[in-house]
C-alpha cells in the first residue's frame, strides 16, 4: 500500500510540474486548435454519398467515363497557375454534357479529390484565386449556375 501511495504522490508531483509550465498549455491549446481546424474544414461524409442521377442514368451513353474530364479539372485546380485555356476547354466539355453525365462528373471529382483535398468541385470552381487568374467568366458563371440547378453546389 505504501508503494502505491508513493507512486501516486510522484505522479501528482510530475503532473503539477508539467501543468505549471506555460509551454505545456501552449502545446495543449495548439493541438486543440489544430484538431478543431481539421474537424471543421473536412467535408462531412454525407457530402460524398452517391446521389441518384437526375434522369436515372438514361442520359449516360454506353461506356462513357467521366475520369478524363475529372483529370482535366484536377490538373488545372491542382496547379498554382494553370493554363486558363485548359480550364475553358474543360468548362466547355462539361457544359455540353447531359445532366446525368454532368452529375456523374461532379460526383466522381468529389469522390476522388474532395475527401483528400477537402475541396469539392463546387469550391474549386468558385475559388477566388482561380477566378482571378482565369478569363473564363462566362463559362465559369454557366458552370456555377448548372451546379446550382442540379443541386451540386456543396
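Some points to look at:
- Each residue in the range 77-100 was checked for being under 17 Å from residue 53 (Cα atoms) and in contact with a helix residue (DSSP H, G or I) (Cβ under 7 Å, 6 or more places away or on another chain), and 3 pass.
- Test: residue in the range 84-99 that is over 20 Å from residue 138 (Cα atoms), modelled with pLDDT of 90 or more and part of a helix (DSSP H, G or I): no
- Single residue of 103, 74 found to be at pLDDT 80 or above, closer than 18 Å to residue 51 by Cβ, out of contact with any strand residue (DSSP E or B) (no Cβ under 7 Å at 6 or more places or on another chain) and assigned to a helix (DSSP H, G or I): 103
- Residue satisfying all of: in the range 1-43; surrounded by 10 or more Cβ atoms within 10 Å (Cβ to Cβ) and not in a helix (DSSP H, G or I); modelled with the lowest pLDDT among these: 43
The values are calculated or read from the model by the stated rules, or taken from the named source; none is laboratory data. Computed from a predicted structure; not experimentally measured. All Cβ positions, even for glycine, are placed from backbone atoms using ideal geometry, and neighbour counts span all protein chains on display.
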